[in-house]
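Working notes for the structure below.
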Amino acid sequence: MSTKQLEKQKVGRKTVLTVEAVRKLEAALAAGFGVNAACYFSGVSRSVFYQRKAEDKEFSDKMRLAEEWSTYKARLTILKAIDNGDVAAAKFWLTHKARTEFAPPKAY
């Protein structure tokens, strides 16, 4: 092989973080799974996940938003229930979001 051919030849391991693996990670995290499960489902090691997250801001942002998606959806569901007059949902919201005023006292 010529020097030029060697320069073009890729060396090292094949990347595990393919577009498909990133899509699977994002879908699992958005569904509420933790990082361990998301990595397992997508075939990516946790170390590769965290390394890429530390090195790639776009990837990091994408994964953070995916992790927050299920919490966002749950909040919307509770707020819709409150809008529909669900007293239990309203009590839940107040005891969790306005704890100092509405949460029951802690037993010591």
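The values are calculated or read from the model by the stated rules, or taken from the named source; none is laboratory data. As the structure is a computational prediction, the values presented were derived from the model and not from experiment. Cβ sites come from the backbone with ideal geometry, for glycine too, and all protein chains shown count toward neighbours.
Identification of helices (runs of 4 or more DSSP H) wholly contained in the chain with 2 or more residues that are modelled with pLDDT of 90 or more yields 19-30, 35-42, 46-55, 57-83, 87-97. For Leu94, the criteria (1) loosely packed, with under 12 Cβ neighbours inside 10 Å; (2) at negative phi hold in every case but one, which is (1).
Being out of contact with any strand residue (DSSP E or B) (no Cβ under 9 Å at 6 or more places or on another chain), among the polar types (S, T, N, Q), surrounded by 13 or more Cβ atoms within 10 Å (Cβ to Cβ) and touching a residue at least 24 places away in the same chain (Cβ under 8 Å): is that true of Ser70 here? Yes.
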